[in-house]
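Heads up, the thing below is written out as structure tokens.
The values are calculated or read from the model by the stated rules, or taken from the named source; none is laboratory data. A quick note: this is a predicted structure, and the numbers were derived from the prediction, not measured. Cβ sites come from the backbone with ideal geometry, for glycine too, and all protein chains shown count toward neighbours. Ligands, DNA and RNA are stripped out before the accessible areas are found, and what is left, the full protein with its side chains, is counted by its heavy atoms. Shrake-Rupley method; radii C 1.70, N 1.55, O 1.52, S 1.80 Å.
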Amino acid sequence: MSTKHKVTIIEPSEIVSAGLKQLVEYGGNFHVVKIFKSIQDYSENQNGNPDIILINPSVMNIGDTNERNILTTKDNVSIVAICYLAYNEETLRNYDGCIGMFCTQEQIEKKLQSALKTSSDKEQDDNSNELSARECEILTAVAKGKTNKEIADEFNLSIHTVISHRKNISHKLGINSIAGLTIYAVMNKLLDVEDF
């Protein structure tokens, strides 16, 4: 039997948090260990180390540059936004994923699994200039001419996560053009010339 991933929810609405808890736990891979109504409650009463924190971005202090440090008790915790209001792209870039109000249970499960992978990839990326497995997949998709939306749909990621991966790839490789990335992919055998 596989280990359940621990989830903490930070959401002021009891209706939303109760419904989200039910959906998150339905598949059996995740267990909600704690629900908080505010970031203050979380920072005062946290115990244990969740694998994922689901948080309504409206509870965060927008001007706080250390918002991720407030939430994390271990480096590889994934932070996923609960989105039922409109947030700008810049705000959502701070999260490993986003769960919308119209997501099905299956979509929530996929987004949480993807957030775990994204967080794990980030931890590995911090220690290396080599591309992670996920970045190689994204690079291959970019080289094949896929749009950010197509890549997001294919890998069950948010568009913001795809954009983040693309920026990281360009930064690590020092290549900013799609043509340059395509050449890199072919030269490093991530793609075959016959794939075009």
Residue count, region 124-152, condition of a type in the set (D, E), at pLDDT 85 or above and over 14 Å from the mean Cα position of the chain (by Cα), comes to 2
- Could you please let me know if I70 is hydrophobic (A, V, I, L, M, F, W, C) and modelled with pLDDT under 70? yes
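Results for (1) outside any loop (DSSP other than H, G, I, E, B); (2) of a type in the set (S, T, N, Q); (3) open to solvent by less than 20 Å² (accessible area, probe 1.4 Å), shown as yes or no for each residue.
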position	(1), (2), (3)
G145	no, no, no
K149	yes, no, no
H160	yes, no, no
R166	yes, no, no
H171	yes, no, no
N176	no, yes, no
A185	yes, no, yes
E194	yes, no, no
Q. Would you call T65 of a type in the set (S, T, Y) and modelled with pLDDT under 90?
A. yes
Note on region 1-40: residues under 15 Å from K111 (Cα atoms) and part of a helix (DSSP H, G or I) are L20, K21, L23, V24, E25, Y26
Scanning region 99-123 for residues that are at pLDDT 80 or above and buried (at least 20 other Cβ atoms within 10 Å of the Cβ), the one farthest from R166 (Cα to Cα) turns out to be I108
